[in-house]
Amino acid sequence: MKGTKDIECEVRGLITASDFNDIRPLIERDWGRLHETPELIVFFKSGGDFRLKINSSGVYLCQKITVDQITKSKKGVEIQLSLMATEQVVRFLGEMGYNKGLFSYCNKFQAKKGGRVICVKFGTKIGDFIELEEMAPRGSDFQKISEGLKNSFKNYGLSAWDNDVYKKIITESWAGTPAEPLLIGAKLHPLIKKVLRGIKDKGSHNLRGISIAGLLKQASNDYTVLASRYERLTGDNLLSEKPCKAENYNVKVSIVIPSYNNSKALARTLESIANQVIHPQERKLIEIIVVDDGSDKDSEDVVRRIKLGMTLRYIRQNHLGRVYARNLGAFVARGDVLIFIDSDVVLERHFINEHVKRHRYLDNIVLVSFKQNIEELVYKQNKRVKSQLNVDITKDFRFEKTVKKDWLRMHRHVRNVELRTVKILEETNNFKDFGYNKVVGVWDLPTMVVTNAVSLKRTSFELIGGFNLQFRGWGMEDTFLGACLVATGHYIIPCFSTGILHIEHSARSGSDKKKIREFNQNVLVYLDLINRPAREILKNYQAPRF
């Protein structure tokens, strides 16, 4: 049961579907991503405002009492239960005498920020409307709060109803509507069945017919709320450039490394993992999975010689490519967090701790780290680089890169390409303003996911079905992974407090020309996949719980 000493102050106003389509980007800019759910509210005729509410968050029993007659501010008590308990709740209400009520079914979009809630409802008994709610302590100036909420309406070009108008709308809309039984015989009312079916079948977006490209146009990447939550829970800045203290997060981690004919570089990668600054207890929860993609010479001896102080697993497959290798590694992984790196990188010594800590406190995130390219000869000669690993992450293309004319054909999966020097992180406020299919240079948000240094929860990886197996050779499989993650409500977040050195090498596809051919072919695969119905690709995607 959840009660509060705070008072609920709310205002409502008319909104049309056309209005919503126009102002939704502005709302999500201010509030973060709007979550969609079917919702059913059953109002009971009793001495107080008592209601049953069912949406994707669960089943609620709500009691509200008006405490301010001018603004109609209310205080309330709320009991939340699992959706699985719906039928039991309905039968309990019948036993308590609440066996009939007034039904109002709608499709709701909602976001929360601090003590405020914004909600847009379509198809309710009183029509389509937008609602703003703020929780305030008893004794607050509710009239002032109410005026502030009404001014927020004006920011979106809308007008709030005054209390008399709202009361009239309610009276006229419900006039003559009879109360209906929650149970008809022994079965749930059809609208209760409908909302439960809708919650199950309908995701935060209706996936029937809409493509992944369509979902990307609707997806925000403003993770401001997550950054605030992280700082509140840890005292640290999510985007800090300074590494955190190593702690025991009690998080199981799997590091997946595909490798092909690269045993010497792989040894350096494993050594950099062994030298990580990690809490001793957390180190016991980390496993490294090396997937040998059918190398000409077995890499197992190299792997076994490295003393990591962590669980090390070696798997060999036929030469099927890195997509298959990464999927195989993720399939056998025991960790709750997956870290994907390449076998030719050297990790800065705080890399694992920085990624794990963020995943310990935040869900629905994808962390990307940045790289500095370095020639193998320079790496061997420069002892200072090897010993201290001062990675200059600003050398990564996401900090600054000049778009070349001959890239246009290779990057035809994006539109509105700009030939100029771009600073992606700076121009997108560290990716926060990189949503809604925005393009900077030849890059969009999914292209920020590069699997030489990226991490996510295993549940997120499984949700989208892992790496798509239609990609062959070099390029675009990680971009499509990013597209699927963004489309399913994940936030792409930069990790500035660590990075990797990438030891440059010749193309393993045989030649640079072959590598470009593979990339161009994979662009065509990408274009085909993102324009298919999302439901066809994201078969495991269900509605998010908010």
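Here are the numbers:
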{"quantity": "In the range 465-486, the residues that are in contact with a Ser or Thr (Cβ under 6 Å, 6 or more places away or on another chain) and not in a helix (DSSP H, G or I)", "calculated": "GLY473, TRP474"}
{"quantity": "Every residue from the range 299-317 that is under 14 Å from ILE286 (Cβ atoms) and out of contact with any helix residue (DSSP H, G or I) (no Cβ under 8 Å at 6 or more places or on another chain)", "calculated": "THR311"}
{"quantity": "Per-region count, the range 331-379, residues at pLDDT 95 or above, among the aliphatic types (A, V, I, L, M) and not in a strand (DSSP E or B)", "calculated": "4"}
{"quantity": "Single condition LYS242 does not satisfy, out of (1) loosely packed, with under 15 Cβ neighbours inside 10 Å; (2) under 19 Å from ASP363 (Cα atoms)", "calculated": "(2)"}
{"quantity": "Among the candidates SER228, SER204, SER240, SER211, residue that is modelled with pLDDT of 95 or more and among the polar types (S, T, N, Q)", "calculated": "SER240"}
{"quantity": "Residue satisfying all of: in the range 19-51; outside any helix (DSSP H, G or I) and acidic (Asp, Glu); surrounded by the most Cβ atoms within 10 Å (Cβ to Cβ) among these", "calculated": "GLU39"}
{"quantity": "Helices (runs of 4 or more DSSP H) contained in the range 169-263 and holding at least 1 residues in the same structural domain as MET310 (by TED's automatic domain parsing) and touching a residue at least 40 places away in the same chain (Cβ under 8 Å)", "calculated": "224-234"}
{"quantity": "For VAL120: the one exception among (1) assigned to a helix (DSSP H, G or I); (2) at pLDDT 85 or above", "calculated": "(1)"}
{"quantity": "The range 52-67, residues that are surrounded by fewer than 20 Cβ atoms within 10 Å (Cβ to Cβ) and modelled with pLDDT of 90 or more", "calculated": "LYS53"}
{"quantity": "Filter result (more than 32 Å from the chain's Cα centre (by Cα) and either touching a residue at least 40 places away in the same chain (Cβ under 8 Å) or farther than 25 Å from GLY473 by Cβ (or both)) within the range 304-327", "calculated": "ARG304, ARG305, ILE306, LYS307, LEU308, GLY309, HIS319"}
{"quantity": "Subset tally (residues that are outside any loop (DSSP other than H, G, I, E, B), under 26 Å from the mean Cα position of the chain (by Cα), over 7 Å from MET310 (Cα atoms) and hydrophobic (A, V, I, L, M, F, W, C)) for the range 274-289", "calculated": "2"}
{"quantity": "All positions within the range 124-147 that are touching a residue at least 24 places away in the same chain (Cβ under 8 Å) and part of a loop (DSSP other than H, G, I, E, B)", "calculated": "LYS125, ILE126, PRO137, ARG138, SER140"}
{"quantity": "Boolean, LYS168 is at negative phi, in contact with a helix residue (DSSP H, G or I) (Cβ under 6 Å, 6 or more places away or on another chain) and surrounded by fewer than 18 Cβ atoms within 10 Å (Cβ to Cβ)", "calculated": "no"}
{"quantity": "Test: GLU247 is surrounded by fewer than 19 Cβ atoms within 10 Å (Cβ to Cβ) and under 30 Å from LYS307 (Cβ atoms)", "calculated": "yes"}
{"quantity": "Which listed residue, of GLY489, GLY475, is of a type outside the set (Val, Ile, Thr), surrounded by fewer than 23 Cβ atoms within 10 Å (Cβ to Cβ) and in contact with a Pro (Cβ under 6 Å, 6 or more places away or on another chain)", "calculated": "GLY489"}
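The values are calculated or read from the model by the stated rules, or taken from the named source; none is laboratory data. Here the structure is a predicted model, which means the values were calculated and not measured. With ideal geometry, Cβ positions are generated from the backbone for all residues, glycine too; neighbour counts draw on all protein chains shown.
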